[in-house]
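In what follows, a single structure is set out as structure tokens and then discussed.
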Amino acid sequence: MTDTTATSTPPLDLTEQERQADLDLDQLKQLVGLVEYDESTDPFPVTGWDAIVFVVGNATQTAHYYQSAWGMELVAYSGPENGNRDHKAFVLKSGSIRFVVKGAVSPDSPLIAHHAKHGDGVVDISLEVPDVDRCIAQAKAAGATVLQEPETVTDEHGAIRVAAIATYGETRHTLVQRVVDGQTYAGPYLPGYVARTSGFVKRDGAPKRLFQALDHIVGNVELGRMDEWVGFYNRVMGFVNMAEFIGDDIATEYSALMSKVVANGNHRVKFPLNEPAIAKKRSQIDEYLDFYSGPGAQHLALATNDILRTVDELRTEGVEFLDTPDAYYDDPQMRARIGEVRVPIEELKARGILVDRDEDGYLLQIFTKPLGDRPTVFFEIIERHGSLGFGKGNFKALFESIEREQDKRGNL
Ligand SMILES: [Fe+2]
């Protein structure tokens with residue numbers, strides 16, 4: 001199926017990345033809540049995630065961390081050795097997820113100013129689309145800021161068509177069309193990148209991969225602007241509001257926030273959007289906005305089909321998670337609400353894994369501490385069993401846990 005074109009893409013097909021990762025549609029329906037939809041009437045059809053691009057202070061070491069601690073695989077590279085004198089970029093994969101970590105080489109690199117302002121973080125949530133020109137025409141008609149006009153970029157592996165639009169803060173959506181004139185681009189990532197593997201050897205017994213797919217990326221936006229960004233995704237990109245659409249304040253004793261969720265037609269791409277709400281003390285969203293110097297991507301949810309093993313492996317490698325107090329598991333109301341899940345609650349309690357249930361099923365989730373030096377971006381590990389939610393029932397417990405950390409940092 002390499003001759004897929006803009007008009008003949010079936011409603012539910014695997015992406016090339018999913019195919020390469022040996023995932024199937026049933027798995028993806030469970031892992032990330034993929035749904036059937038007809039893209040023929042979608043003004044801005046999105047196939048799925050293309051890559052999540054991070055700017056970091058030291059890409060060389062970050063690339064090692066994602067391999068050694070997170071079990072990702074180095075697949076491509078761009079840097080001074082192949083003509084890119086501005087920065088180094090390492091492309092890492094786990095399942096269908098592609099991360100790109102970029103760090104400045106040249107003292108004149110624009111990445112330096114970006115990193116000085118924001119610290120380590122997500123600069124680009126890049127999306128694969130079947131027709132870049134159609135998307136940009138729609139984006140312009142809906143008043144979006146186009147950062148890069150559509151252009152065809154080629155190398156010896158073929159051609160891609162690419163453009164970019166602005167979203168919250170200094171975050172962008174690069175739109176990548178990987179099938180141009182009936183030909184699928186055959187390079188390891190984008191033109192300008194070379195295939196690269198690393199000498200890193202996984203220890204004996206290490207699992208093949210710790211997560212299979214990206215479930216959602218949460219954006220933190222300024223006070224009073226959440227609805228504006230929900231409207232942006234509705235209007236510009238045709239995203240729909242998901243069932244778990246929480247307009248009320250989510251409040252703990254000290255802080256509050258509001259959250260709403262938008263998704264593309266097939267639900268591969270889901271964006272919860274948070275804004276702080278006025279409360280007694282400063283919320284975790286306020287802390288993020290201060291330390292990221294504005295809106296940005298707060299967390300990335302990585303989908304696994306075995307959260308217990310994933311969490312155990314990550315802890316072995318020194319990854320730190322937020323604590324969940326024993327009281328969470330011992331609360332009879334909570335127990336009643338959770339009901340039966342696939343493992344004894346004691347197994348979850350031992351690892352601090354949270355559970356949430358709704359009318360469709362349940363989900364298991366846990367959150368890491370911030371990944372970098374600033375209290376900004378972090379990961380969630382999620383295992384879905386029917387639930388298409390985001391852990392609404394855990395928000396209070398989660399936020400209280402974040403507040404304990406925030407308080408230790410002197411930022412509450
Ligand atoms: Fe989440």
The residue from Glu405, Glu340 that alone is of a type in the set (Asp, Glu), out of contact with any helix residue (DSSP H, G or I) (no Cβ under 7 Å at 6 or more places or on another chain) and in a helix (DSSP H, G or I) is Glu405
Matching residues in the range 334-363 (within 16 Å of Ala397 (Cβ to Cβ), small (Gly, Ala, Ser) and under 25 Å from the mean Cα position of the chain (by Cα)) number 1
Of the conditions (1) surrounded by 21 or more Cβ atoms within 10 Å (Cβ to Cβ); (2) away from the ligand (no atom under 12 Å from the Cβ), the single one that Leu354 does not satisfy is (2)
Given (1) part of a strand (DSSP E or B); (2) in contact with a Ser or Thr (Cβ under 6 Å, 6 or more places away or on another chain), Leu175 misses just (2)
Pro295: passes all of (1) away from the ligand (no atom under 15 Å from the Cβ); (2) buried (at least 19 other Cβ atoms within 10 Å of the Cβ); (3) under 14 Å from Pro207 (Cβ atoms) but (3)
Checked against (1) over 15 Å from Gly391 (Cβ atoms); (2) over 20 Å from the mean Cα position of the chain (by Cα), Ile250 satisfies every condition except (1)
Determine whether Phe390 is in a loop (DSSP other than H, G, I, E, B) and either modelled with pLDDT under 90 or within 14 Å of the ligand (Cβ to nearest atom) (or both). yes
Hey, any hits in the range 359-372 for a residue that's part of a helix (DSSP H, G or I), out of contact with any Leu (no Cβ under 9 Å at 6 or more places or on another chain) and on the phi < 0 side of the Ramachandran plot? no
Expected single match for under 25 Å from Leu25 (Cβ atoms) and either among the aromatic types (Phe, Trp, Tyr) or at pLDDT 95 or above (or both) among Leu127, Leu190, Leu147, Leu111 is Leu127
* Hey, does the range 215-223 have a residue that's part of a loop (DSSP other than H, G, I, E, B) and within 16 Å of the ligand (Cβ to nearest atom)? -> yes
Restricting the range 373-387 to residues that are part of a loop (DSSP other than H, G, I, E, B) and within 16 Å of the chain's Cα centre (by Cα), the one nearest to the ligand (Cβ to nearest atom) turns out to be Val377
Condition set more than 16 Å from the ligand (Cβ to nearest atom) and touching a helix residue (DSSP H, G or I) at 6+ places or on another chain (Cβ under 8 Å), scope the range 194-214, selection farthest from Ile136 (Cα to Cα): answer is Ala206
Filtering the range 312-336 for residues that are in contact with a strand residue (DSSP E or B) (Cβ under 6 Å, 6 or more places away or on another chain) and either over 19 Å from Pro370 (Cα atoms) or outside any loop (DSSP other than H, G, I, E, B) (or both) leaves a count of 1
Item to check | Flag for Leu210 being in contact (Cβ under 8 Å) with a residue 12 or more places away in the chain, under 28 Å from Gly294 (Cβ atoms) and not charged (D, E, K, R) | outcome: no
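The values are calculated or read from the model by the stated rules, or taken from the named source; none is laboratory data. A quick note: this is a predicted structure, and the numbers were derived from the prediction, not measured. Quick reminder, even Gly has a Cβ in these numbers, built from the backbone with ideal geometry, and neighbours come from all protein chains shown.
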